[in-house]
Amino acid sequence: MLFDLDGTLLDSVYQHVLAWKEALASAGIDLSIWRIHRRIGMSGGLFLRALVRETGRELTTAEADQLRERHETGYRSRLGEVRPLPGAQDLLQVLTNAGVPWAIATSGSQATAGASLEVLDLPPEVPVITRDHVAYAKPNPDLFLAAAEALGRPITESFVVGDSVWDMLASQRAHALGIGVLSGGYGREELETAGAYRVYEDPRDLLAHIDELGIRMQL
């Protein structure tokens with residue numbers, strides 16, 4: 001199982017949204033929070049291009065780098081608000097106990113993901129693939145392909161668990177089976193349209209229905 005991080009295992013989407021809102025405002029780019037939220041989960045480069053396209057403003061490479069740095073700073077200042085989503089820790093522990101290989105693949109940089117991961121109690125051997133490890137992030141499939149490779153498992157035998165349409169699109173492009181969760185703010189129909197095989201409320205709901213994925217646990 002290959003997990004996205006923000007909105008999938010961690011209740012951190014809105015901290016990212018507010019951090020981006022502040023970063024963009026510091027550059028005189030005024031965008032509504034809902035517009036920012038709709039792009040969370042994309043790679044930082046695509047994210048910025050998509051948002052500034054709505055304003056008609058061009059960004060230089062230096063400006064884009066500065067915005068990403070300001071976002072990282074703003075997000076890290078909110079880390080005290082970030083918690084695991086309901087059932088996330090239990091789900092990961094059950095998978096570990098059952099011998100089901102799992103990894104994390106996030107569009108976030110090591111700078112933001114590394115700090116976030118401290119909120120989760122991760123075994124040291126679990127692979128964590130960040131934006132720094134691949135050429136292209138979501139909706140490209142590279143993150144999930146790298147995560148499957150790190151586990152030594154075929155991507156075609158993997159589940160991708162994510163909260164955004166970008167996760168589901170990347171899953172389809174990787175030829176994995178997409179599992180959606182509603183805990184990042186996207187709707188069930190949106191995730192299903194983007195290719196989700198099943199959609200659950202959050203990690204706790206996924207764990208309660210894990211037999212639907214053909215994963216057998218010892219009773």
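Every read-out reported here was derived from the displayed coordinates using simple, explicitly stated rules and does not represent laboratory data. This one's a predicted model, so the numbers in the text were calculated from it and none came from an experiment. Cβ: placed from backbone, ideal geometry, glycine included. Neighbour counts: every protein chain shown.
Stretched out straight at 0.36 nm per residue, the stretch from S32 to A115 would grow longer than its current Cα-Cα span by 27.2 nm.
By the Stokes-Einstein formula, at 1.306 mPa s and 10 °C, the chain with its Kirkwood radius over alpha-carbon pairs has D equal to 91 µm²/s.
The shape of the stretch 94-157 comes out oblate: with a ≥ b ≥ c from the C-alpha gyration tensor, a/c is at least 1.5 while a/b does not beat b/c. Note: relative contact order over the stretch 8-92, using C-alpha pairs below 8 Å and six or more positions apart, is 48 percent. With the simple model of a label 7 Å out from the Cα in the direction of the Cβ, S77 to N97 spans 4.1 nm.
Evaluated at q = 0.17, 0.18, 0.28 Å⁻¹, the base-10 log of the normalised Debye intensity for the stretch 13-80, with identical point scatterers placed on the Cα atoms, takes the values -0.51, -0.58, -1.52. Our coupling estimate for the stretch 49-57, obtained by passing each phi through the Karplus curve with A = 6.51, B = -1.76, C = 1.60 and θ = phi - 60°, is 4, 5, 6, 6, 4, 6, 9, x, 9 Hz, Gly and Pro reported as x. When you work out D = kT/(6 pi eta Rh) for the stretch 1-125 at 4 °C and 1.567 mPa s, using the Kirkwood radius from C-alpha pairs as Rh and the Stokes-Einstein form, the result is 84 µm²/s. Between amide H atoms placed 1.01 Å from N, distances below 5 Å from S107 occur with L5, all of them 5 or more places distant or on a separate chain. The C-alpha atoms of the chain define a longest principal axis, and helix 88-97 lies at about 40 degrees to it.
Database remark: amide H of D202 closer than 5 angstrom to the amide H of L182 (H placed geometrically; neighbours at sequence offset of 5 or more, or on other chains; Pro and chain starts carry no H).
What GluC sites (Glu not before Pro) in the stretch 1-96 are in a loop by DSSP, with at most 10 other Cβ atoms within 10 Å of the Cβ? Passing sites in the stretch 1-96 are E58. Rounded to whole numbers, the Karplus 3J(HN,Hα) couplings from phi for the stretch 193-210 are 5, 7, x, 5, 6, 9, 10, 10, 5, 6, x, 4, 5, 4, 4, 5, 10, 5 Hz, using 6.51 cos²θ - 1.76 cosθ + 1.60 with θ = phi - 60°, and x at Gly and Pro.
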